[in-house]
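> My questions all concern the structure below.
The values are calculated or read from the model by the stated rules, or taken from the named source; none is laboratory data. No experiment lies behind these values; they were computed from the predicted model shown. In this analysis, Cβ positions are derived from the backbone assuming ideal geometry, glycine residues included, and neighbour counts consider all displayed protein chains. Ligands, DNA and RNA are stripped out before the accessible areas are found, and what is left, the full protein with its side chains, is counted by its heavy atoms. Shrake-Rupley method; radii C 1.70, N 1.55, O 1.52, S 1.80 Å.
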Amino acid sequence: MEINKQSWLILYTKPQQELKVAARLEKLGIESYCPCKEEIRQWSDRKKKIIVPLLKSYVFVRLLEKDRFKVFDIPGVVRYLYWLGKPAVASDKEISILKESLTLPYLNVKVKDFTRGKKMVIPSGPFKESVGIVVKVSTKYITVALEQLGFLVTLHY
């Protein structure tokens with residue numbers, strides 16, 4: 001796919017730098033998106049609601065080919081994600097589905113129907129309708145490889 005203004009490239013960041021990188025990109029005028037979810041974390045003395053990135057170490061950026069290297073001026077950016085020797089690209093449709101699905105409630109998944117190595121369509125959540133290969137099946141979750149995006153997703157039930 002040719003890289004143009006309509007394409008989203010995927011940046012790989014240093015660990016736990018996703019939100020900072022996205023904020024710095026926006027400050028430079030580069031359109032970015034870091035999908036996040038809200039979690040409740042418990043410490044020994046309190047519980048707190050925090051926002052965490054959905055995809056660890058990944059930030060989506062939309063920019064022109066000539067501006068591709070501006071992102072390396074930002075601390076925390078490591079490299080672009082590549083797939084088959086070319087920069088990994090996400091379409092506007094995929095990004096909008098991801099944004100929309102983060103607003104929807106999650107549905108339970110029945111783990112007993114899946115076996116390793118088989119293809120499956122993710123029924124709900126941020127990657128709804130994405131096709132992946134089942135990598136691991138546990139009593140409480142399934143790990144699915146999304147080849148098109150190049151990462152693993154864990155589905156809890």
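> Taking the condition surrounded by 10 or more Cβ atoms within 10 Å (Cβ to Cβ) and of a type in the set (S, T, N, Q), does S32 pass? Outline the logic, then answer.
Numbers: surrounded by 10 or more Cβ atoms within 10 Å (Cβ to Cβ): yes; of a type in the set (S, T, N, Q): yes.
Yes, satisfied.
> Could you check the stretch 148-157 and list, in sequence order, the residues that are of a type outside the set (A, V, I, L, M) and assigned to a strand (DSSP E or B)?
F151, T154, H156
> Which one of the conditions (1) open to solvent by less than 40 Å² (accessible area, probe 1.4 Å); (2) of a type outside the set (A, V, I, L, M, F, W, C); (3) modelled with pLDDT of 85 or more does S101 fail to meet, given that it meets all the rest?
The failed condition is (3).
> Let me ask something additional. Does S138 satisfy being under 30 Å from A23 (Cβ atoms) and either in contact with a Pro (Cβ under 6 Å, 6 or more places away or on another chain) or open to solvent by less than 60 Å² (accessible area, probe 1.4 Å) (or both)? Steps first, please.
Numbers: under 30 Å from A23 (Cβ atoms): no; either in contact with a Pro (Cβ under 6 Å, 6 or more places away or on another chain) or open to solvent by less than 60 Å² (accessible area, probe 1.4 Å) (or both): yes.
No.
> Go through (1) modelled with pLDDT of 90 or more; (2) open to solvent by 40 Å² or more (accessible area, probe 1.4 Å) one by one and return the number of the condition W43 breaks.
(1)
> Tell me, yes or no, whether the stretch 72-95 has at least one residue that is of a type outside the set (D, E, K, R), touching a Lys or Arg at 6+ places or on another chain (Cβ under 9 Å), in contact (Cβ under 8 Å) with a residue 12 or more places away in the chain and in a helix (DSSP H, G or I).
Among the residues of the stretch 72-95, at least one is of a type outside the set (D, E, K, R), touching a Lys or Arg at 6+ places or on another chain (Cβ under 9 Å), in contact (Cβ under 8 Å) with a residue 12 or more places away in the chain and in a helix (DSSP H, G or I), which makes the answer yes.
> Then there's this: Sort out which residues of the stretch 19-44 are outside any strand (DSSP E or B) and acidic (D, E), and write them in order of number.
E26
> Give the residues of the stretch 119-147 that are assigned to a loop (DSSP other than H, G, I, E, B), within 20 Å of A88 (Cα to Cα) and touching a residue at least 24 places away in the same chain (Cβ under 8 Å), sorted by residue number.
P126, F127, K128, E129
> Filtering the stretch 46-71 down to residues that are touching a residue at least 60 places away in the same chain (Cβ under 8 Å) and over 18 Å from Q17 (Cα atoms), which residue is most open to solvent (accessible area, probe 1.4 Å)?
So the residue we want is E65.
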